[in-house]
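Inspection log for the structure reproduced underneath, given as structure tokens.
The values are calculated or read from the model by the stated rules, or taken from the named source; none is laboratory data. Given the structure is predicted, the values throughout are model-derived calculations rather than measurements. Note that each Cβ is placed from the backbone with ideal geometry, even for glycine, and that neighbours are counted across all protein chains shown.
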Amino acid sequence: MEERSGAVTMKGNPLTLLGATLKVGDKAPDFFVVNNDLAPAGLSSYSGKICMISSVPSLDTAVCDIETRRFNQEAGNLGKDVVILTISMDLPFAQKRWCGAAGVDKVITLSDHREASFGSAYGVLIKELRLLARSIFVINRKGIIHYIQHVEELTQEPDYEEVLKAIKECL
């Protein structure tokens, strides 16, 4: 498996990412994760839709909480052709509890805890922590990666405006 040392940092400390290096224009790889009801899900579950995938270390951290709430708020303005997925290593039970407590009802949370299939396929699996790096992928209706944003410092939020611009370009 490909390794990229120092690809991201957490509080300034370098970390290693495992998995494929994807780029804009690549066909988005499918992956196997589970939803909050433990049912299997993957990119193929949303074919024909514009998918924005937000990978986060854990919903139970401040920045992930802020980011997911923000994308939930934005989801209401994007229409039915756009699906927003937030993927983390959190257990599905914790994701479901967090969504209920946070009032998040438009973002779909998915867990990569079983096989790290998403993390490996998208190159965002943190070797030292077995968590996912903070990254955004926008995938068009044809399953092609239209936009990628890797947040180099895990404790920082993504550039929301750039992500929303990329989604709107796909509409």
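Scanning the stretch 1-34 for residues that are part of a loop (DSSP other than H, G, I, E, B), farther than 21 Å from HIS146 by Cβ and β-branched (Val, Ile, Thr) yields no hits at all. Total residues in the stretch 118-144 satisfying the condition of being surrounded by fewer than 20 Cβ atoms within 10 Å (Cβ to Cβ), in contact (Cβ under 8 Å) with a residue 12 or more places away in the chain and within 16 Å of GLY42 (Cα to Cα): the figure is 5. If you go through the stretch 60-74 one residue at a time, do you hit one that is of a type in the set (Gly, Ala, Ser) and assigned to a loop (DSSP other than H, G, I, E, B)? No: zero hits.
Filter the stretch 57-90 for residues that are among the aliphatic types (A, V, I, L, M), under 15 Å from the mean Cα position of the chain (by Cα) and more than 22 Å from LYS142 (Cα to Cα) and give the result.
Restricting attention to the stretch 57-90, the residues satisfying the condition of being among the aliphatic types (A, V, I, L, M) are 59, 62-63, 66, 75, 78, 82-85, 87, 89.
Subset that is under 15 Å from the mean Cα position of the chain (by Cα): 59, 63, 66, 75, 82-85, 87, 89.
Within the stretch 57-90, LEU59, VAL63, ILE66, MET89 meet the criteria.
If we keep just the residues of the stretch 145-171 that are part of a strand (DSSP E or B) and of a type in the set (Val, Ile, Thr), which is surrounded by the fewest Cβ atoms within 10 Å (Cβ to Cβ)? Filtering the stretch 145-171 for residues that are part of a strand (DSSP E or B) and of a type in the set (Val, Ile, Thr), the one surrounded by the fewest Cβ atoms within 10 Å (Cβ to Cβ) comes out as ILE148. Go through the stretch 72-106 and report how many residues are in contact with a Phe, Trp or Tyr (Cβ under 9 Å, 6 or more places away or on another chain) and under 23 Å from ILE126 (Cα atoms). Looking only at that region, the number is 5. Scanning the stretch 116-144 for residues that are outside any loop (DSSP other than H, G, I, E, B) and either of a type outside the set (Val, Ile, Thr) or over 19 Å from VAL83 (Cβ atoms) (or both) yields a total of 12. Condition check: under 20 Å from GLU153 (Cα atoms), at pLDDT 95 or above and buried (at least 16 other Cβ atoms within 10 Å of the Cβ). Does ALA7 satisfy that? When the stated conditions are applied, ALA7 passes them.
Residue count for the stretch 79-115 under the criterion of being assigned to a loop (DSSP other than H, G, I, E, B), in contact (Cβ under 8 Å) with a residue 60 or more places away in the chain and surrounded by 19 or more Cβ atoms within 10 Å (Cβ to Cβ): the result is 1.
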